[in-house]
Amino acid sequence: MKTFPMFLRMEDRTVVIVGGGEQAAQKCRLILKTEARIVVAAGALEDELAAMHGTGRIVWHEGAIMPALFADTALVFIATGCPGADAALHAMAREAGALVNVVDAPDLCDAITPSIVDRDPVVIAIGTEGTAPVLARQIKTRVEEMLEPRLGDLAALSGRLRGAVARQVPRAGRRDFWRWVFNGAPRQTHARGAEREAAEMLKTAIAAGGAPQEQSGGSVALVGAGAGKRDLITMRGVQRLQEADIIFHDRLIDPDVLEYARRDAERVCVGKAPGAHPWPQDRINGLLVSAARQGKRVVRLKCGDPGVFARGGEEIDALATAGIPCEIVPGVTAACVAAASIGSVLTERGKTDTLVLSTGTCRPGDTPPDVSRSMHAGTTLALYMSVKAAPTIQHDLLAAGHPPSTRVDIVTNADRADMQVVETTLGILGDTVRTDSIANPAIIFIRSDKSARQISTVNAAA
Ligand code: SAH
């Protein structure tokens with residue numbers, strides 16, 4: 001290690017930033033997160049620094065820069081933008097005994113600012129000694145995903161209760177107590193926003209002399225993985241995956257998303273290939289119930305959103321009947337992903353004011369929806385599982401008076417490496433699906449702008 005990570009105490013200390021431009025403002029923004037007093041030494045301040053000075057958050061040193069400015073500081077940043085001046089100021093600050101960082105001059109830095117994940121008071125610093133800043137940012141993103149936004153508040157709460165724990169929880173039980181706080185129900189409860197409830201749990205356990213002994217009952221989270229690549233899952237979804245003892249997942253999810261789960265978590269694919277039903281829904285429901293009854297934390301991971309054409313309702317009902325707690329964690333549904341993948345929007349002021357999510361596939365024996373009933377001028381129709389039904393949909397919409405020139409976009413494997421986009425029109429939709437060999441998973445967008453109202457009405461009347 002050429003550099004060694006340490007955390008500098010900032011309360012009641014001074015940080016001097018020399019320079020009044022954007023780079024100085026950047027350092028200022030960073031140090032404003034700390035409790036340090038900030039002195040900015042510059043002849044003039046750019047707008048943001050001037051505003052910070054205006055609100056009293058920084059002290060502006062306008063005068064000559066003398067060694068005394070740097071004495072007894074926690075840290076000095078030099079960012080004048082002029083290499084000659086930077087070097088001279090660096091020498092002066094070093095002479096005064098300061099720890100110096102000269103922006104964009106690694107050779108003149110005693111201290112390097114890391115990439116930071118901030119869950120104050122939990123702070124993670126990532127450094128690569130300047131070798132790979134992009135890698136540092138990627139690691140930062142992964143760590144950001146791992147740690148729920150409220151984690152710092154839970155750490156702060158724990159800090160406030162440390163004294164009470166030391167008094168009331170016998171030494172032998174303290175490690176288990178803290179393990180329970182950060183691994184068990186309090187962390188989960190806190191992460192989902194029930195902070196008061198989590199604080200109550202801690203206080204009750206402290207009063208009882210330790211973490212509750214009984215194994216907590218199992219639970220199920222229906223988690224949307226997002227349709228597309230793994231980074232479309234929400235941070236809450238990642239959190240649930242990390243907590244899971246067992247994961248039942250669909251075939252359509254990006255397999256890489258499972259890397260968010262613990263290494264020892266069991267993974268079971270209960271996906272259904274189109275047309276084949278190796279895992280009847282009843283059996284999946286039964287598996288969820290029995291895993292939860294064994295006290296496991298279960299994740300049912302579904303492509304897109306668990307509440308959109310995902311048979312989530314049947315699973316929720318089965319869990320409710322069995323009295324098992326169930327949480328729904330939303331995901332980015334395929335229509336949103338597909339629209340974004342082609343740089344398009346689903347509704348547009350003045351053109352489309354209605355969004356219909358529909359499907360060409362339903363329960364065997366049920367009549368598929370007649371989409372022409374929901375398609376009016378000003379509608380974007382996003383059709384799931386509709387490749388096979390495309391000729392019928394074309395027929396129904398044409399029969400209802402929608403012009404053959406109506407625009408159709410088909411997005412297959414949206415947001416994936418093998419994404420395929422086909423633009424066609426309603427009049428030749430069935431042919432396009434056949435000649436372009438379009439296969440699931442695909443979203444078919446059919447858009448009727450408001451200006452099409454005239455045409456539809458005229459055709460319908462005729
Ligand atoms: N719950 C999912 C939908 C599951 S139904 C969601 O909210 O997105 C399965 C259908 O979703 C597929 O037949 C296809 O129509 C659509 N789909 C899922 N992933 C897709 C993708 N990456 N690109 C295009 N369509 C997709």
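The values are calculated or read from the model by the stated rules, or taken from the named source; none is laboratory data. Note that the structure is a prediction, hence the values are computed from the model and not measured. Cβ coordinates were reconstructed from backbone atoms using ideal geometry, including for glycine residues, and neighbour counts include every protein chain displayed. Heads up: the accessible areas ignore ligands, DNA and RNA and are worked out on the full protein's heavy atoms, side chains in. Shrake-Rupley method; radii C 1.70, N 1.55, O 1.52, S 1.80 Å.
Take the Cβ atoms of Trp178 and Glu144, set R0 to 35 Å, and the FRET efficiency comes out at 0.90.
Stokes-Einstein at 37 °C, 0.692 mPa s, Kirkwood radius from Cα pairs: D for segment 14-146 in µm² s⁻¹? Answer, rounded: 212 µm²/s.
For Ala41, the residues 5 or more places off, or on other chains, whose built amide H falls under 5 Å of its own are Ile17, Val18, Gly19, His61. Model label sites at Lys388 and Ile342, defined 7 Å from Cα along the beta-carbon direction, differ in position by 2.3 nm. Per-residue SASA remark: Glu22, around 90 Å² accessible (1.4 Å probe; ligands, DNA and RNA not included). Taking amide H positions as modeled 1.01 Å from N, with prolines and chain starts lacking one, the residues under 5 Å from Gly295 and 5 or more places away or on another chain are Gly218. Averaging the sequence gap over all C-alpha pairs within less than 8 Å and six or more residues apart, then dividing by the number of residues, gives the chain a relative contact order of 9 percent.
Within the accessible area of the chain, the carbon and sulfur atoms contribute 53%, probe 1.4 Å, all protein chains present.
Accessible-area rank, largest first, for Arg142, Arg416, Arg9, Arg349: Arg349, Arg9, Arg142, Arg416, with all protein chains present and a 1.4 angstrom probe. Lys-Lys pairs in the chain that are eight or more residues apart or on separate chains and whose Cα atoms lie under 23 Å of each other come to 11.
Modelled spin-label separation between Arg162 and Asp107, with each label point placed 7 Å from Cα along the Cα-to-Cβ direction: 4.3 nm. Per-residue packing, averaged as other Cβ atoms within 10 Å, sorts the ranges 438-445, 24-31 into the order 438-445, 24-31, beginning with the highest.
Computed about the Cα centre, the dipole magnitude for the chain is approximately 1340 debye when only Lys and Arg (+1) and Asp and Glu (-1) carry charge, each at its Cβ. Here r is the Cβ-Cβ distance between Ala399 and Thr55 and R0 is 60 Å; the resulting FRET efficiency, rounded to 0.05, is 0.35. With the simple spin-label model, which puts each label point 7 Å out from Cα in the Cβ direction, the Ala439 to Met10 separation comes to 5.4 nm. The packing ranking of peptides 388-396, 127-135, highest mean first, is 388-396, 127-135, where packing means the average number of other beta carbon atoms within 10 angstrom of each residue. Residues in the chain average 53 Å² of solvent-accessible surface per residue, probe 1.4 Å, ligands and nucleic acids excluded.
Computed over all pairs of different Cα atoms, the Kirkwood value for the hydrodynamic radius of the chain is 26.9 Å. How many angstrom lie between the C-alpha centres of segment 320-362 and segment 181-217? Spelled out, the Cα-based centre of one part sits 35 Å from the other. For Ser374, the accessible area of its heavy atoms, probed at 1.4 Å with every protein chain present, is near 40 square angstrom.
Once backbone amide H atoms are built at 1.01 Å from N, Ala211 has Phe177 as its partners under 5 Å, excluding neighbours fewer than 5 places away on the same chain.
Kindly provide the Kirkwood hydrodynamic radius of segment 337-459 in Å, to one decimal, from all pairs of distinct alpha carbon atoms. Result for segment 337-459 stands at 14.5 Å. Note: segment 163-318, Cα convex hull, 124 Å³ per residue. Ordered by solvent-accessible area of protein heavy atoms (1.4 Å probe), largest first, the residues Ile206, Ile112 come out as Ile112, Ile206. Semi-axes of the equivalent ellipsoid of segment 151-208 are 18, 11, 10 Å, computed as sqrt(5λ) over the eigenvalues of the C-alpha gyration tensor in descending order.
Computed from the C-beta positions of Glu314 and Ser451 and an R0 of 35 Å, the FRET efficiency is 0.25 to the nearest 0.05.
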